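Single-structure report; data block below.
The values are calculated or read from the model by the stated rules, or taken from the named source; none is laboratory data. The structure presented is a predicted model; accordingly, all values stated were derived computationally and were not measured. Cβ coordinates were reconstructed from backbone atoms using ideal geometry, including for glycine residues, and neighbour counts include every protein chain displayed.
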Amino acid sequence: MTWTLAARTRKMTSSAIRDLLKLTERPGIISFAGGLPSPAAFPVEAFAAACDKVLTAADARSSLQYATTEGLPALREAVAASLPWKVDPANVLITTGSQQGLDLAAKVLIDPGSRILVETPTYLGALQAFQPMEPTVVGVASDESGALPDDLKAKAEGARFFYALPNFQNPTGRTMDEARRVAVSEAARQSGVPILEDNPYGELWFDAPPPAPLTSRDPENTIYMGSFSKVLAPGLRLGFLVAPTEIHHRLVMAKQAADLHSPSFNQRVVAEVLKDGFLDRHVPTIRALYKGQRDAMLAALDRDMSGLGVSWNRPAGGMFLWVRLPAGLSAAALLPRAVEKGVAFVPGEPFYAGQPDDRTLRLSFVTASREQIATGVAALAAAVREAIAE
Ligand code: PMP
């Protein structure tokens with residue numbers, strides 16, 4: 001007997017990054033590859049206290065019981081209250097990471113052949129979530145401020161949605177400025193294209209908060225996704241989405257089939273941790289930590305990469321920085337040479353829906369220490385110099 005696989009499995013790809021991470025987890029390799037939040041930022045003590053409280057509460061056992069698909073009411077209320085526009089908790093859905101939000105949105109909104117629009121480049125995990133539903137994925141031309149409104153309009157005909165990452169984007173670290181948000185929002189509205197806004201990094205700003213989310217400008221035509229992964233801990237696997245009532249209803253049904261509900265215990269614990277404005281005290285410590293790491297990486301790049309024809313951006317928050325190699329070099333070809341020298345990164349290629357720019361690569365500045373950043377960037381520069389010389 002042989003298994004006959006569903007045709008859609010041909011669209012299921014293993015994350016190039018996860019595969020790469022295996023390679024770079026070798027001891028001695030300084031990795032700028034993974035998008036892992038710094039464990040130093042996990043609030044272990046707050047979690048210990050909250051777990052204790054949840055498990056000694058009069059209704060302790062209900063935290064270990066099945067629960068509603070929509071999510072714990074206290075957590076949905078906390079999410080609604082944390083957002084900078086008027087959100088009814090009834091429109092919040094607690095998800096198993098915002099990655100599940102992407103998967104559910106794909107199931108509810110994409111038919112085979114549906115046209116969907118993404119930024120260029122875009123989050124690889126979103127492409128992975130969308131692809132099994134067999135859409136036609138169209139990249140919207142983008143610059144350092146995000147998608148270009150005219151290109152969005154030009155490609156909008158019949159599109160089911162435009163997937164946007166306005167804050168400290170993965171992979172580029174770039175942010176949409178206010179003028180671009182206004183223009184993109186207007187272009188989407190005029191073209192009748194709903195927006196799927198993904199905002200896991202918005203709180204991780206370094207000097208000033210980013211402009212208001214796209215959703216706040218047109219909540220009826222947007223699904224907004226957020227996450228506890230970057231402000232608390234990714235291992236919780238808790239995220240959330242906010243959707244207009246009709247779409248919310250459909251997403252709840254899709255989630256019922258996927259996992260019934262996100263872990264009750266984790267939701268209770270997070271609701272407990274969030275009490276008394278915990279994030280207002282905790283998130284500034286993450287911002288300070290990551291800002292120092294970004295500065296260390298920029299200083300190392302300025303010191304070691306200048307004059308090599310390499311360019312990079314200066315992200316105002318988040319976890320990533322985007323680098324472009326000089327003409328004639330390919331990031332994928334550079335990687336084995338860099339790993340040989342003890343440093344790893346992610347080539348930009350898998351982040352593109354269409355024609356990739358093979359000179360680009362992503363560096364994470366949050367997982368390695370400042371010392372490792374200095375050593376790793378020097379090793380990367382040595383690899384670039386060698387590649388140029390060949
Ligand atoms: N969206 C983006 C842009 C991300 O970078 C990530 C995490 N890498 C996710 C969604 C998924 O995050 P989580 O499922 O941990 O909330």
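Data for the structure
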| item | result |
| --- | --- |
| Test: residue in region 339-350 that is more than 26 Å from the chain's Cα centre (by Cα) and surrounded by fewer than 16 Cβ atoms within 10 Å (Cβ to Cβ) | yes |
| Test result for LEU251, farther than 22 Å from ALA33 by Cα, touching a residue at least 60 places away in the same chain (Cβ under 8 Å), within 16 Å of the ligand (Cβ to nearest atom) and aliphatic (A, V, I, L, M) | yes |
| Residue in region 244-251 that is of a type in the set (A, V, I, L, M, F, W, C), assigned to a helix (DSSP H, G or I), in contact with a strand residue (DSSP E or B) (Cβ under 7 Å, 6 or more places away or on another chain) and farther than 19 Å from GLN65 by Cβ present | yes |
| From the options LEU36, LEU55, residue that is modelled with pLDDT of 95 or more and either crowded, with 18+ Cβ neighbours inside 10 Å or touching a helix residue (DSSP H, G or I) at 6+ places or on another chain (Cβ under 9 Å) (or both) | LEU55 |
| Single unsatisfied condition, LEU152 versus (1) surrounded by fewer than 24 Cβ atoms within 10 Å (Cβ to Cβ); (2) over 25 Å from SER262 (Cα atoms) | (1) |
| Sole exception among (1) within 19 Å of the chain's Cα centre (by Cα); (2) surrounded by 20 or more Cβ atoms within 10 Å (Cβ to Cβ) for VAL310, by number | (1) |
| Which listed residue, of LEU236, LEU260, LEU251, is surrounded by fewer than 23 Cβ atoms within 10 Å (Cβ to Cβ), within 22 Å of the chain's Cα centre (by Cα) and of a type in the set (A, V, I, L, M, F, W, C) | LEU236 |
| Some residue of region 81-104 being in contact (Cβ under 8 Å) with a residue 40 or more places away in the chain, in a loop (DSSP other than H, G, I, E, B), over 30 Å from VAL323 (Cβ atoms) and of a type in the set (Ser, Thr, Tyr) | yes |
| Qualifying residues in region 183-237 (those that are more than 16 Å from the ligand (Cβ to nearest atom), outside any helix (DSSP H, G or I) and of a type outside the set (A, V, I, L, M)) - the one farthest from HIS248 (Cα to Cα) | ASP207 |
| Any pair with Cβ under 6 angstrom, 6 or more apart, that starts in region 232-243 at a residue that is under 18 Å from ALA50 (Cα atoms) and touching a residue at least 24 places away in the same chain (Cβ under 8 Å) and ends at one that is within 10 Å of the ligand (Cβ to nearest atom) and part of a helix (DSSP H, G or I) | ARG237/GLY97 |
| Qualifying positions in region 136-155 - out of contact with any strand residue (DSSP E or B) (no Cβ under 7 Å at 6 or more places or on another chain) and in contact (Cβ under 8 Å) with a residue 24 or more places away in the chain | GLU144, SER145, PRO149, ASP150, LYS153 |
| Region 110-130, subset surrounded by fewer than 24 Cβ atoms within 10 Å (Cβ to Cβ) and charged (D, E, K, R), residue farthest from ASN199 (Cα to Cα) | ASP111 |
| Any chance ARG174 is under 23 Å from SER227 (Cβ atoms) and in contact with an Asp or Glu (Cβ under 6 Å, 6 or more places away or on another chain) | yes |
| First in region 107-129 and under 19 Å from MET253 (Cβ atoms) and assigned to a loop (DSSP other than H, G, I, E, B), second anywhere and within 15 Å of the ligand (Cβ to nearest atom) and not charged (D, E, K, R), Cβ under 7 Å, 6 or more apart | ILE110/PHE130 |
| ASN167 of a type outside the set (Asp, Glu), buried (at least 24 other Cβ atoms within 10 Å of the Cβ), within 16 Å of the ligand (Cβ to nearest atom) and within 16 Å of LEU83 (Cβ to Cβ) | yes |
| Test: ARG268 is buried (at least 18 other Cβ atoms within 10 Å of the Cβ), away from the ligand (no atom under 16 Å from the Cβ) and over 27 Å from ARG181 (Cβ atoms) | yes |
| Candidate set from region 188-233 (those that are under 28 Å from ARG294 (Cα atoms) and among the charged types (D, E, K, R)); member that is nearest to the chain's Cα centre (by Cα) | ASP198 |
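One line per residue, one yes/no per condition, for (1) away from the ligand (no atom under 16 Å from the Cβ); (2) within 21 Å of the chain's Cα centre (by Cα):
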residue: ALA74; (1), (2): yes, no
residue: THR96; (1), (2): no, yes
residue: GLN100; (1), (2): no, yes
residue: ILE116; (1), (2): no, yes
residue: THR122; (1), (2): no, yes
residue: PRO132; (1), (2): yes, yes
residue: SER142; (1), (2): no, yes
